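S.K.: I have a structure here, written as structure tokens, and I will follow up with some questions on it.
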Amino acid sequence: MRDEVMSDDHRAYRELVRAFVAKEIAPHYARWEAAGMVDRSVWRAAGDAGLLGTDMPQEYGGGGNPDYLFHAILAEELARAGAYAPCLPLHNEIIGAYLKALATPEQKARWVPGFCDGSLVTAIAITEPEAGSDIAAMRTTAVRDGDRWIINGAKTFISNGYTADLYLTVARTPQETGPGRATSASLFAVQADVAGFSRGRMLSKIGMAALDTAELFFHDVEVGAEDLLGRPGRAFGYLMRNLPQERLWIAETAI
């Protein structure tokens with residue numbers, strides 16, 4: 001990143017990230033690549049260092065700074081070190097965008113403090129074995145049962161798949177289809193310890209070996225209305241709004 005676009009705060013943050021990488025990531029990275037995942041403690045260390053939730057509201061433990069350059073600096077320094085794990089940009093930029101835009105105050109109070117201190121690691125579960133990320137072809141469904149939803153299906157190639165505590169999960173909700181909506185899907189926050197949820201294989205990859213990537217299975221997983229993000233049936237629109245941000249993150253990690 002060109003130095004002339006940065007302020008003294010940006011430069012100080014860059015040095016903070018570099019010091020964090022040198023102390024908390026580089027000495028362990030070869031072992032993480034062999035294991036296929038990072039030590040969970042590095043997420044708490046990232047929270048303690050102020051690298052998580054920099055743009056989240058301060059009342060929930062975030063940094064309260066909307067300046068995107070801080071995200072860009074973090075991604076650039078991780079790429080500079082060749083460190084794709086822990087996947088802090090996915091947590092901060094991708095998942096964070098959904099929580100900021102869609103979570104209610106009650107949901108933010110439940111999830112964002114842990115999001116910021118590293119005690120709650122997140123992932124997004126979209127891709128499926130046969131559908132990829134094509135929502136229209138997805139088979140994972142969520143059926144409304146009173147004020148509960150019952151989720152059944154499978155996801156694959158999920159980054160942070162084994163590490164995460166909270167999965168933002170896209171499921172088709174055909175009963176919510178209305179006029180002008182050919183494909184209806186909803187976005188749910190599924191906790192890793194909920195009954196019926198399980199992780200499958202940890203998937204091997206050509207690169208990014210330290211980034212745990214997994215299969216997920218949902219068998220009659222029950223979530224409440226309080227775990228629905230945004231409005232039912234609107235996930236497709238939410239994904240389209242956030243997709244450019246996700247593509248930007250991918251481009252940053254390839255620097």
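The values are calculated or read from the model by the stated rules, or taken from the named source; none is laboratory data. None of these values were measured; they are calculated from a predicted model. Cβ placement follows ideal geometry from the backbone for every residue including glycine, while neighbour counts extend to all protein chains displayed. Calculation scope for accessible area: heavy atoms of the full protein, side chains included, ligands and nucleic acids excluded. Shrake-Rupley method; radii C 1.70, N 1.55, O 1.52, S 1.80 Å.
S.K.: Among the helices (runs of 4 or more DSSP H) contained in the range 1-110, which hold 2 or more residues that are open to solvent by less than 10 Å² (accessible area, probe 1.4 Å), hydrophobic (A, V, I, L, M, F, W, C) and farther than 21 Å from Y238 by Cα?
M.R.: Output list reads 41-48, 69-80.
S.K.: Here are some residues: T122, T169. Which one is closer than 18 Å to G233 by Cβ, hydroxyl-bearing (S, T, Y) and surrounded by 21 or more Cβ atoms within 10 Å (Cβ to Cβ)?
M.R.: After ruling out the rest, the residue left standing is T169.
S.K.: Here's something else I'd like to know. Every residue in the range 125-139 that is among the small types (G, A, S) and open to solvent by less than 10 Å² (accessible area, probe 1.4 Å), please.
M.R.: A125
S.K.: Another question, then. Condition check: closer than 22 Å to A97 by Cβ, modelled with pLDDT of 85 or more and over 16 Å from the mean Cα position of the chain (by Cα). Does T173 satisfy that?
M.R.: yes
S.K.: Ok, one more. Here is a check on your reading of the model: is D212 acidic (D, E), crowded, with 22+ Cβ neighbours inside 10 Å and touching a residue at least 40 places away in the same chain (Cβ under 8 Å)?
M.R.: yes
S.K.: Would you pick out the residues in the range 123-143 that are touching a residue at least 40 places away in the same chain (Cβ under 8 Å) and touching a Pro at 6+ places or on another chain (Cβ under 9 Å)?
M.R.: Within the range 123-143, A142 is the sole residue that qualifies.
S.K.: Also, I was wondering about something else. What number of residues within the range 91-103 satisfy the criterion of being within 8 Å of the chain's Cα centre (by Cα) and modelled with pLDDT of 95 or more?
M.R.: Qualifying residue count, the range 91-103: 4.
S.K.: Restricting to the range 191-209, and then to whatever is of a type outside the set (K, R), part of a loop (DSSP other than H, G, I, E, B) and over 24 Å from A142 (Cβ atoms), can you tell me which residue is most open to solvent (accessible area, probe 1.4 Å)?
M.R.: Looking at residues that are of a type outside the set (K, R), part of a loop (DSSP other than H, G, I, E, B) and over 24 Å from A142 (Cβ atoms), I get I206.
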